[in-house]
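Here the structure comes first, spelled out in structure tokens, and everything after it is commentary.
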Amino acid sequence: MPEDSIEHIDFKDLNERAISQPLVKHIYTADPSAHVFDGKIYIYPSHDVDAGEAFDDLGSHFAMEDYHVISMDTIDSEAVDHGVALHVNDVPWADKQMWAPDANEKDGKYYLFFPAKGYDGIFKIGVAVGDSPVGPFTAQPEPIKGSFSIDPAVFKDDDGVYYMYFGGIWGGQLQRWREGKFNAEFPESPMAHLPADNEPALCPKVAKMTDDLLEFAHEAKDLLILDEKGEPLLNGDNERRFFEAAWMHKYQGKYYFSYSTGDTHFICYAIGDSPYGPFTYAGRILEPVVGWTSHHSICEVSGKWYLFYHDSSLSEGVTHLRSVKVAEITYDAEGKINTLLPYS
Ligand code: FUB
């Protein structure tokens, strides 16, 4: 939601109309990636702090330093914060900006996937491994080879193969990797290096993971999102094109790729028949929330489907101080997701 509309918001009224409340209030949390491991819900969020960084379009004010894991016994029970699971100081290659993470489990080990800027100012994606879903996690000494940009989401398919989806434009730097290596040319403006409005939008990326979940099994590929005519969404199609916050889930045998449209503030989705796509745009899951960013995950819990998301209502509109929430989502008979209005 645009920042200039915040000053007109009556937050008491908005909180009364909100379809859900923050899961925790003692810290700010964002970008929730939710999973059920062993019958229990685990949420892997960003941990928002005010580090005093100036606001800019590259997101420098999102200066997070660590990750906490939140757990819930059931969807209605109290959310428990398990404390620091990984700190930037314990990641040899990472300098700052511990942005949206995800996690997954394999053979009794837990893997935390996270983006951070290295000392060269370039975002890469790392892995940290632990014996418990709540950590602590030990970071690999180097980022994943061939990784770049932000917002990793690791999906386990029914055949036991894991895929990472990732990428984000503007501050997420995806537009600087168009030639397969980081384009360090100035200007650093988030709008530089993007395609023209009438050219195909930049694609999110997908890579199969190696068996040990520590590396990509192949070079990351483009994940195509097509319109109703089978044409790639265009860069100028701001209300539908991919910006950041990749997520994958499977419903009734179809692959649902969901994402944020960034500067237009929607959570949208596209449906496909393969984890690699192509995907066809299918609609909106969530209308804009309070705060500039919107970021989510979708998780099945006890036979119902839930959207984990965030907004800035608790901080009364401070865009980098967000709170994780959860709301049920439903599908229609054709498998379309019914759009949620965050404040009804
Ligand atoms: O939390 C920092 C960044 O804001 C995330 O990586 C983006 O998806 C956006 O939510």
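Readers should treat all values here as calculations from the given coordinates under stated rules, not as data from a laboratory. The structure displayed is predicted, hence computed values, not measured ones. In this analysis, Cβ positions are derived from the backbone assuming ideal geometry, glycine residues included, and neighbour counts consider all displayed protein chains.
Could you list His87, His296 so that the one with the fewest beta carbons within 10 Å of its beta carbon is first and the one with the most is last? Could you put the intermediate results ahead of the total?
Details: His87 15, His296 29.
Fewest-to-most Cβ neighbours within 10 Å comes out as His87, His296.
Using a 10 Å cut-off around each Cβ, can you sort Met191, Met72, Met209 from fewest to most neighbouring Cβ atoms? Please list the in-between numbers first.
Values: Met191 10, Met72 19, Met209 24.
In increasing order of surrounding Cβ atoms, one gets Met191, Met72, Met209.
First select every other residue whose beta carbon is under 12 angstrom from the beta carbon of Ser189; then total the charges, Lys and Arg +1, Asp and Glu -1.
Values: positive: Arg176; negative: Asp56, Asp57, Glu185, Glu188.
Neighbour charge sum, excluding Ser189 itself: -3.
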Could you derive backbone 3J(HN,Hα) for region 21-35 from the dihedral phi with the Karplus parameters 6.51, -1.76 and 1.60 (θ = phi - 60°), listing whole Hz in sequence and x where the residue is Gly or Pro?
10, x, 6, 9, 10, 7, 9, 8, 9, 8, 6, x, 10, 10, 9
Rounded, prolate or oblate: pick one for region 117-237, where a ≥ b ≥ c are the square roots of the eigenvalues of its C-alpha gyration tensor, a/c under 1.5 means rounded, and failing that, prolate if a/b is larger than b/c, else oblate.
oblate
Enumerate the amide H contacts of Tyr331 below 5 Å, restricted to partners 5 or more residues apart or on another chain; note that Pro and chain-start residues carry no placed amide H.
Asn338
Final fewest-first order of Lys40, Lys181 on the 10 Å Cβ neighbour count is Lys181, Lys40
Given pairs Lys106/Lys325; Lys109/Lys156; Lys96/Lys156; Lys117/Lys145 and cut-off 18 Å on Cα-Cα distance, the over-length ones are Lys106/Lys325; Lys96/Lys156
Cβ charges +1 (Lys, Arg) and -1 (Asp, Glu), total dipole of region 200-273, debye:
180 debye
Once phi is turned into ³J(HN,Hα) by the Karplus curve 6.51 cos²θ - 1.76 cosθ + 1.60 with θ = phi - 60°, what whole-Hz value does each residue of region 267-276 show in order, with x for glycine and proline?
9, 10, 8, 9, 10, x, 9, 9, x, 8
At 222 nm, what value in deg cm²/dmol follows for the chain if DSSP H runs of at least 4 each add -39500 (n - 2.57) and the sum is divided by all its residues, to the nearest 500?
-500 deg cm²/dmol
For region 3-329, with +1 on Lys and Arg beta carbons and -1 on Asp and Glu, the positive-most of Ser132, Ile27, Ala245 along the dipole
Ser132
Hey, in the GNM for the chain with a 10 angstrom Cα cutoff, which one of Pro22, Pro152, Pro187 fluctuates hardest?
Pro187
Vicinal HN-Hα couplings computed from phi for region 216-221 (Karplus, 6.51 cos²θ - 1.76 cosθ + 1.60; Hz; Gly/Pro x):
7, 7, 7, 4, 4, 10
Please identify the trypsin sites (Lys or Arg not before Pro) of region 208-247 that satisfy two criteria: DSSP loop assignment and at most 14 other Cβ atoms within 10 Å. Which are they?
Lys229
Along its three principal axes, how long is the chain when you only count alpha carbons? Whole Å, largest extent first please.
48, 46, 45
Partner aspartates and glutamates whose C-alpha sits under 13 Å from that of Lys124, ignoring same-chain residues fewer than 8 away, are Asp95, Glu142, Asp151, Glu215
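Once you sort the root eigenvalues of the Cα gyration tensor of region 26-69 as a ≥ b ≥ c, which label holds: rounded (a/c under 1.5), prolate (a/b larger than b/c) or oblate (the other case)?
prolate
Could you tell me which of rounded, prolate or oblate describes region 242-311, using a ≥ b ≥ c as the square roots of the eigenvalues of the alpha-carbon gyration tensor, with rounded for a/c under 1.5 and, failing that, prolate when a/b is larger than b/c and oblate otherwise?
On the way: a/c = 2.45, a/b = 1.32, b/c = 1.85.
Note, shape of region 242-311 comes out oblate.
In what sequence, highest mean first, do 279-287, 135-143 appear when ranked by Cβ atoms within 10 angstrom?
On the way: 279-287: 20.0, 135-143: 18.1.
Most protected by this proxy first, the peptides run 279-287, 135-143.
Is there a quick way to get the dipole size of the chain? I mean about its Cα centre, with the Cβ of Lys and Arg at +1 and of Asp and Glu at -1; what is the value in debye to the nearest 20?
On the way: 27 positive and 56 negative charges, 121 e Å.
Using only the charged Cβ atoms, the result is roughly 580 debye.
Say R0 is 25 Å: what FRET efficiency, to the nearest 0.05, do His218 and Lys106 get from their beta-carbon distance?
0.85
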